[in-house]
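J.: Handing you this structure, nothing more for now.
The values are calculated or read from the model by the stated rules, or taken from the named source; none is laboratory data. Not measured: the values here are computed from a predicted model. Methodologically, a virtual Cβ is constructed for each residue, glycine included, from the backbone with ideal geometry; neighbour enumeration extends over all protein chains shown.
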Amino acid sequence: MSAAHLDDSHLDEDCIFCKIIRGEIPCFKVFDNDDVLAFLDVNPIAEGHALVIPKHHDKDILESPAEWTGKVFAAAGKVARAVQKTLNPDGLNIVQANGPGAKQSVFHLHVHVVPRAMDDGLTMNWELVPGDMDALGKLADRIKANVE
Ligand code: DGP
């Protein structure tokens with residue numbers, strides 16, 4: 001299964017991330033191929049906080065076929081390397097939430113790439129706070145240029 005973005009049958013009509021995949025909602029892209037899209041989180045918990053999503057609607061890792069989970073995590077590695085090269089954080093967390101108890105708020109499988117700083121005080125259950133759109137757009141271009 002590839003080029004799923006050309007086949008809307010794998011997408012969900014009402015899902016906000018499927019709307020981003022279809023181009024109905026804008027995003028600051030950092031990586032895009034036939035199967036996976038990565039873009040900056042609109043509520044960043046750190047500079048460079050990115051989301052990596054499959055172009056195949058499954059609500060979480062429990063429902064995602066292994067093939068698609070593999071594609072998403074491979075792309076998360078690619079995006080993590082680009083974020084590291086762009087911002088040189090002290091570390092990176094790869095976070096992936098499943099279900100409301102895990103504070104999942106968008107029910108389309110996604111992987112968070114979260115740059116970390118020593119003593120940044122970040123905790124697991126973060127609040128959603130809107131980011132600065134100009135700054136996000138400029139940063140997305142810098143990270144995109146470092147995707148290898
Ligand atoms: P989670 O809470 O793990 O389900 O993460 C969902 C993330 O998605 C959350 O950090 C906010 C982000 N988000 C929600 N809607 C949008 C959107 O329309 N655009 C972007 N770029 N991010 C979004």
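J.: All but one of (1) crowded, with 21+ Cβ neighbours inside 10 Å; (2) within 16 Å of the ligand (Cβ to nearest atom) hold for LYS103; state the number of the condition that does not hold.
T.: (1)
J.: What's the total number of residues in the stretch 86-100 that are more than 16 Å from the ligand (Cβ to nearest atom) and either among the hydroxyl-bearing types (Ser, Thr, Tyr) or assigned to a helix (DSSP H, G or I) (or both)? Explain how you work it out, then say what you get.
T.: Here is the first cut: in the stretch 86-100, the ones more than 16 Å from the ligand (Cβ to nearest atom) are 86-91.
Pick out the ones that are also either among the hydroxyl-bearing types (Ser, Thr, Tyr) or assigned to a helix (DSSP H, G or I) (or both) and you get 86-87.
Total satisfying the criteria: 2.
J.: On to the next question. Can we say GLY23 is free of Cβ contacts under 8 Å to residues at least 24 places away in the same chain, more than 10 Å from the ligand (Cβ to nearest atom) and on the phi > 0 side of the Ramachandran plot?
T.: yes
J.: Next up: Of the residues in the stretch 106-129, how many are near the ligand (Cβ under 10 Å from one of its atoms), over 21 Å from HIS56 (Cα atoms) and at pLDDT 95 or above?
T.: 1
J.: Right, something else. Among the residues that make up the stretch 78-85, is at least one of them surrounded by fewer than 19 Cβ atoms within 10 Å (Cβ to Cβ), in contact (Cβ under 8 Å) with a residue 40 or more places away in the chain and part of a loop (DSSP other than H, G, I, E, B)?
T.: Within the stretch 78-85, not a single residue is surrounded by fewer than 19 Cβ atoms within 10 Å (Cβ to Cβ), in contact (Cβ under 8 Å) with a residue 40 or more places away in the chain and part of a loop (DSSP other than H, G, I, E, B).
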